[in-house]
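Chemist: Sharing a structure, written as structure tokens. Questions coming.
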Amino acid sequence: MVQQKQDYLWWQTGVIYQIYPRSFQDSNGDGIGDIPGIIQRLDYLKWLGLKAVWISPFYPSPMKDFGYDISDYTAIDSIFGTLEDFDQLVREIHQRNMKIILDLVPNHTSDQHPWFLESRSSRDNPKRDWYIWQDAGEDNAPPNNWLAMFGGTAWEWDEATNQYYYHAFLKEQPDLNWRNPEVREAMYNVMRFWLDRGVDGFRVDVMWHMIKDKLLRDNPPNDEYLPHMATYEQLLPVYSTDQPEVHEIVREMRSLLDSYEDRMMIGEIYLPIHKLVSYYGNDNDGTHLPFNFMLLSATWDASSIARSIDEYEGALPMYGWPNWVLSNHDQPRITSRVGIQQSRVAAILLLTLRGTPTIYYGDEIGMRDVPIPFAEVHDPQGLNMPDKNLSRDPARTPMQWDNSKYAGFTSGKPWLRIDKSSHRENVESQKTNEYSILRIYRRLIELRNSEPSLMYGNYIPVASDKQVIAYVRKYEGYPSFLVVLNLSHRPAYFKPVHKPMSGTIILGTVPDLEGQPYQDMINLSGDEGIVVKLDDHHRQ
Ligand code: NOJ
């Protein structure tokens, strides 16, 4: 059944933008981005046509995992600003008719969080059970074989109280015990704190990790493990993640959000599609958007991508709204995965598929992963893993705003080096260049924001072969659009298989074809993509 237009909510129709606050804009010359810096750049985000910003953590933190190790959930780290700055940010975002989504990290705290300091202070501390403490196994071995994402065992021995505690990530990031009702209530109060301050939603960190097997059974070996993979992948995390009980927690979070008006939550979940979609809940009572990361790992060829889209579309429950992601702060950037030319095609894909797109800051100007000399590596994943190429620093470098020494990001020394291309590739230079990738992003967002078919129309696959993928977006009564993308570097013919189509090319990876009529067959250059506004008779 086709939904009525007015049923669509802001997080379904709008485009989300992820800001990694350390790297977006520094306002005080310490080389680290901050909240006043974000405020300075809000007009740019508005100009881009975005609906919402999701900001990675800016809470007080020892920064062992750059903000994902939180020592106080209801304050702002002084390197990022103050609560007053935050309130101003919310006000200014709302004044621009945009929304703000915060990062919520409920799975683990910092080991410096007062909850953990209390918990580890003695076995009979009232907060002992807020974390996952276990006696040693035989010969003082860890309680089971679980591995930490950042390397080594996931159990840390505590000399003072003679027990191990569990940490899915760094030992400085102990996991909370979500089986304890007090933990739940404490985290729900954190949510209330921010919602009451006007926050419109949360991106929930590692949602699928939140609760673990009650019996803490050993994880089985992964037969597909290869030596170049992260050590964590030696085992299949069947008992340490994605437990049935997690859905109860997600439901509780959802009902809390539903008690406020127009709020939403995104779940960070790396799972195969059939498991991922279970996080929508049984009756639209789960997370609004379980992040769909399939484009982060899909092999970049037309048939695999087409298959992935079909698989995803087919797996969604009736009430499940799709979403798409090309990059984030944990993964190599799209430009570095598929190349600068293909990243333009990828932009069209991201912004014309059915569902909410999330853009990672800097992707809109084609920022690429920046080589970081080993002595300058910050990321614990880069420092701890045998494969140094697993560092996430290269995808977290400062935003390139202009051609000044530090790209307009800071007047001081940036915390992470800036790409040497920044004097050429930056927002300022691309704003006036009609061949820039920024122009494509802006026009795509503009088009999406104004065309119901692109905002919430059906997705109709038209064709796919080794090179090309083509689909139509259609919402009855409004203009329909045909999207044809050449995912290869070689020229490729496209002709619709079933019935001829006609219209006008209104957007392309380069402006050269724009305005030209499209009639049934087209021969695209390598790395070329087009959006065709179909003639009126295609509306029905
Ligand atoms: C997922 C976050 O995206 C990542 O950056 C972080 O390292 C882990 N969660 C641990 O919090």
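The values are calculated or read from the model by the stated rules, or taken from the named source; none is laboratory data. Everything quoted here is computed from the prediction, not taken from an experiment. Here Cβ is always computed from backbone atoms with ideal geometry, including for glycine, and neighbour counts include all displayed protein chains.
Chemist: Given the criteria modelled with pLDDT of 95 or more and either more than 30 Å from Gly14 (Cβ to Cβ) or out of contact with any strand residue (DSSP E or B) (no Cβ under 6 Å at 6 or more places or on another chain) (or both), does Asp124 qualify? Walk me through how you get there before you give the answer.
Modeler: Working: modelled with pLDDT of 95 or more: yes; either more than 30 Å from Gly14 (Cβ to Cβ) or out of contact with any strand residue (DSSP E or B) (no Cβ under 6 Å at 6 or more places or on another chain) (or both): yes.
Against the criterion (modelled with pLDDT of 95 or more and either more than 30 Å from Gly14 (Cβ to Cβ) or out of contact with any strand residue (DSSP E or B) (no Cβ under 6 Å at 6 or more places or on another chain) (or both)), Asp124 qualifies.
Chemist: Can you spot a residue in the stretch 338-359 that is of a type in the set (Ser, Thr, Tyr), in contact (Cβ under 8 Å) with a residue 40 or more places away in the chain and within 16 Å of the ligand (Cβ to nearest atom)?
Modeler: yes
Chemist: Quickly run through the stretch 233-279 and pick out the residues that are of a type in the set (S, T, N, Q), surrounded by fewer than 18 Cβ atoms within 10 Å (Cβ to Cβ) and assigned to a helix (DSSP H, G or I).
Modeler: Gln234, Ser255
Chemist: Within the stretch 410-441, can you find the residues that are surrounded by fewer than 17 Cβ atoms within 10 Å (Cβ to Cβ), hydroxyl-bearing (Ser, Thr, Tyr) and in a helix (DSSP H, G or I)?
Modeler: Ser421 - this is the single residue of the stretch 410-441 that is surrounded by fewer than 17 Cβ atoms within 10 Å (Cβ to Cβ), hydroxyl-bearing (Ser, Thr, Tyr) and in a helix (DSSP H, G or I).
Chemist: For Arg184, indicate whether it is more than 16 Å from the ligand (Cβ to nearest atom), at pLDDT 95 or above and either hydrophobic (A, V, I, L, M, F, W, C) or in a loop (DSSP other than H, G, I, E, B) (or both).
Modeler: Answer is no for this residue.
Chemist: Just checking, how many residues over the stretch 78-102 are in a strand (DSSP E or B) and touching a Phe, Trp or Tyr at 6+ places or on another chain (Cβ under 7 Å)?
Modeler: 3
Chemist: Additional query: Which one of these is buried (at least 16 other Cβ atoms within 10 Å of the Cβ), closer than 21 Å to Ser327 by Cβ, of a type in the set (A, V, I, L, M) and modelled with pLDDT under 95: Leu444, Leu390? Give the steps one after another, and end with the answer.
Modeler: Values: Leu444 fails: modelled with pLDDT under 95.
From the options Leu444, Leu390, the qualifying one is Leu390.
Chemist: On to the next question. Does the stretch 92-101 contain any residue that is surrounded by 15 or more Cβ atoms within 10 Å (Cβ to Cβ) and closer than 29 Å to Pro244 by Cβ?
Modeler: yes
Chemist: If you scan the stretch 482-500, which residues turn out to be surrounded by 12 or more Cβ atoms within 10 Å (Cβ to Cβ), over 14 Å from Arg344 (Cα atoms) and at pLDDT 95 or above?
Modeler: Passing the criteria: Leu482, Pro491, Ala492, Tyr493, Phe494.
Chemist: A further question follows. Just need a number here: residues in the stretch 67-118 that are within 16 Å of the ligand (Cβ to nearest atom) and in contact with a strand residue (DSSP E or B) (Cβ under 7 Å, 6 or more places away or on another chain).
Modeler: Total meeting the criteria: 9.
Chemist: Quick check on the stretch 275-282. Is at least one of its residues in contact with a Lys or Arg (Cβ under 9 Å, 6 or more places away or on another chain), at pLDDT 95 or above and away from the ligand (no atom under 16 Å from the Cβ)?
Modeler: Yes - at least one qualifying residue is present in the stretch 275-282.
Chemist: Being surrounded by 18 or more Cβ atoms within 10 Å (Cβ to Cβ), in contact with a Pro (Cβ under 6 Å, 6 or more places away or on another chain) and not in a loop (DSSP other than H, G, I, E, B) is the filter here, so list the residues in the stretch 109-163 that pass it.
Modeler: Phe116, Tyr131, Thr153, Trp155
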